[in-house]
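For reference, the structure is listed below as structure tokens.
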Amino acid sequence: MAKGLALGYLLVYNLACCLGWLYVLVICIQHIANDSIATTWTDVELPLKIVQTAAVLEVIHSMIGLVKSPWQTALMQVFSRVWTLWAIMDTTKFAQTTLFFTLACTSWGLVEVPRYLFYALNLLNAVPYP
């Protein structure tokens, strides 16, 4: 029973993160295509904060044994992004209106969408390649 609940929770978590990052990615791509990079932050701020901060749960997942990843590695990876978002991007207006902000969000989305999808498919033993 507990294993089934953990599997269900991780599946929902990974799919929600995949969809959240896909939403962030679509917003960024729209701003790039419309040459409106300076206003990306306005549209992406809330979903970006939610999905990026949700990654803190990955450290907890490691610490309580839901996943096999070492919690120290997860902590370093998550902390660097959360720090960048909350300590730099959120507090510095200039950082919110630059091409570099939009590129950072776009690159995060390009990495996270397939990563979370892979994790979800792996939980279902449905990864299309070994």
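The values are calculated or read from the model by the stated rules, or taken from the named source; none is laboratory data. Bear in mind that the values here come from a model prediction, so they are computed numbers and not experimental data. To get the accessible areas, we keep the full protein, side chains included, count just its heavy atoms, and leave off ligands, DNA and RNA. Shrake-Rupley method; radii C 1.70, N 1.55, O 1.52, S 1.80 Å.
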query = Convex hull volume of the Cα atoms in the chain, per residue, in Å³?
reply = 107
request  = Please work out the average accessible area per residue across the chain, using the 1.4 Å probe convention, and give it in Å².
outcome  = 61
query = Roughly how many whole Å is it from the C-alpha centroid of segment 69-86 to that of segment 99-117?
reply = 15
inquiry  = From Cα pairs below 8 angstrom and at least 6 apart in sequence, can you work out the relative contact order of the chain, rounded to a whole percent?
reply    = 40
task = Would you calculate a helix-derived [θ] at 222 nm for the chain, using -39,500 (n - 2.57) for each DSSP H run of n ≥ 4 and dividing by the full residue count, to the nearest 500?
result = -25000 deg cm²/dmol
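Calculate what fraction, in whole %, of the accessible area of the chain sits on carbon and sulfur atoms when a 1.4 Å probe is rolled over the protein chains. Don't skip to the answer; put the middle values down first.
Working: 5740 of 7910 Å².
It is 73 percent, rounded to a whole number.
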query = Which value in Å is the Kirkwood Rh of segment 62-130 over different Cα pairs?
reply = 14.3
query = Among the lysines, which fall within straight-line cross-link reach of K68, defined as a Cα-Cα distance under 23 Å, with same-chain neighbours fewer than 8 residues apart omitted?
reply = K3
